[in-house]
Amino acid sequence: MVKVDEAFSISTGVRDGCQIIVVRGEIDELTVPELEDALEACPDGWPVIVDMSNVVFISSAGIHALLRDRPGQIALVCPPGNIMRLFEIVRANRRVPIFEDLDAAIQSAALTCTA
């Protein structure tokens with residue numbers, strides 16, 4: 001059996017006028033405060049994209065942190081798999097746009113900003 005690295009980490013950066021937050025590992029009640037801090041630290045008026053391509057688990061606390069009302073625009077990157085299935089079950093796409101890859105999310109954010 002292959003062991004998956006489940007260590008939690010967050011990195012942030014800017015790409016094409018979007019604030020990108022890359023999350024790895026497990027998002028639960030112990031790690032969600034760090035995610036909240038990263039989301040709150042984003043500049044006002046910038047589109048925020050949370051890349052969850054390397055998230056292996058998310059609890060209800062993590063879902064709440066991502067889907068709660070925020071002053072700015074947020075989008076998620078979540079490829080097909082267990083995490084995406086969970087977002088489908090809770091109908092997360094009614095609250096935030098969800099994309100399969102980062103490039104599609106950035107392109108959509110850029111179109112929204114110029115519209």
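The values are calculated or read from the model by the stated rules, or taken from the named source; none is laboratory data. Note that the coordinates shown come from a computational prediction; the quantities given were computed from them, not determined experimentally. Positions of Cβ are generated from backbone atoms using ideal geometry, with glycine treated the same way; all protein chains shown enter the neighbour counts.
A single entry from ALA75, ALA61, ALA38, ALA109 fulfils the requirement of being hydrophobic (A, V, I, L, M, F, W, C) and touching a residue at least 60 places away in the same chain (Cβ under 8 Å): ALA109. In this structure, is GLU6 modelled with pLDDT under 90, surrounded by 11 or more Cβ atoms within 10 Å (Cβ to Cβ) and either of a type in the set (A, V, I, L, M) or closer than 22 Å to ILE63 by Cβ (or both)? Yes; evaluated as a whole, the condition is true for this residue. Counting only helices (runs of 4 or more DSSP H) that sit completely within segment 1-93, those holding 3 or more residues that are among the small types (Gly, Ala, Ser) correspond to 60-67. Screening ASP103 on (1) out of contact with any Gly (no Cβ under 8 Å at 6 or more places or on another chain); (2) touching a residue at least 12 places away in the same chain (Cβ under 8 Å) shows it passes everything except condition (2).
Examine segment 40-55 for a residue that is exposed (fewer than 13 other Cβ atoms within 10 Å of the Cβ) and aliphatic (A, V, I, L, M), and state whether such a residue exists. Break it down into steps so the answer makes sense when it comes.
So in segment 40-55, the residues exposed (fewer than 13 other Cβ atoms within 10 Å of the Cβ) come out as 40-41, 43-45.
From what is left, the residues that are aliphatic (A, V, I, L, M) are 41.
Checking segment 40-55: at least one residue is exposed (fewer than 13 other Cβ atoms within 10 Å of the Cβ) and aliphatic (A, V, I, L, M).
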